[in-house]
Amino acid sequence: MPSRVRFLTIFLPILFWLFGFIWWLHHIYHFPTPTEKVSAIIVLTGGQERIKKGISLLDKNPEAPFLISGVHTIKHLNEVAKYSDYQTHIDIGFEATTTAQNAQEVKEWNAQKKSGTIHVATSHYHMDRSLLELRYAMPRTKFIPYTVISHQFRELRWLSRPRNLHLLFKEYNKFLIVYVEILMRKMRYAAVSAF
């Protein structure tokens with residue numbers, strides 16, 4: 001293989017990945033402010049301030065069904081316990097430990113609630129992957145992003161913090177992997193359905 005072709009074979013995928021990462025970074029900081037009526041609210045645990053943000057939306061829409069999915073650690077339980085005044089209104093999912101499992105937990109919960117539109121509270125870097133999994137699990141339900149940008153990501157100083165940058169790199173790669181996985185599942189299903 002000529003050196004130029006070898007260089008392009010290696011360099012172009014890296015270039016596409018880098019441009020994609022830069023686009024994704026801009027995108028996750030610019031989700032539109034939700035304007036739709038709140039019919040139901042779900043919080044996907046994992047990052048800082050997610051439950052707090054979800055509760056703030058519940059305060060404005062006290063009649064909306066509310067689920068916190070993925071409460072499987074003492075830390076999560078302690079955070080939920082801070083909102084004891086809401087206990088009669090909050091449903092808690094204890095089983096999910098991954099985003100795909102979150103989607104299944106939400107699907108089972110919404111089978112009873114029957115909400116056609118659901119507001120999703122999760123971290124900005126986690127939102128795209130969450131929406132992929134949720135929309136794949138529940139294609140007839142509309143999901144509205146309600147993003148959480150925790151304090152360590154609110155200023156550009158996170159660019160100089162390797163831990164935060166590493167988290168974003170990891171989340172972007174997870175998003176790409178899930179995107180391809182779901183695309184492949186849909187293609188396999190379409191191929192099987194064609195026969």
If the only charges are +1 at each Lys and Arg Cβ and -1 at each Asp and Glu Cβ, what is the size of the charge dipole of the chain around the Cα centre, to the nearest 20 debye?
640
Of the DSSP H helices in the chain, those whose Cα atoms cover at least 24 Å axially and whose Kyte score averages 0.5 or more
3-28
Divide by every residue of the chain the summed helix terms, -39500 (n - 2.57) for each DSSP H run of at least 4, and state the resulting mean residue ellipticity at 222 nm, rounded to the nearest 500 deg cm²/dmol.
-18500 deg cm²/dmol
Only sites in a loop by DSSP and with at most 14 other Cβ atoms within 10 Å count here; which trypsin sites (Lys or Arg not before Pro) in segment 55-135 make the cut?
82, 114
Expressed as a whole-number percentage, the relative contact order of the chain with C-alpha contacts under 8 angstrom and at least six residues apart is 21
Å³ per residue enclosed by the Cα convex hull of the chain:
164
Where is the GNM fluctuation largest for the chain (alpha-carbon springs, 10 angstrom cutoff): 90, 22, 51?
22
Given a cut-off of 22 Å, name the pairs among 60/142; 52/75; 37/75; 53/82 whose C-alpha atoms lie farther apart than that in the structure shown.
37/75
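Rule-based calculations on the coordinates, nothing more; no lab input. Please read all numbers here as calculations on a predicted model, not as lab measurements. Reconstructed Cβ throughout: ideal geometry from the backbone, glycine too, with neighbour counts over all protein chains shown.
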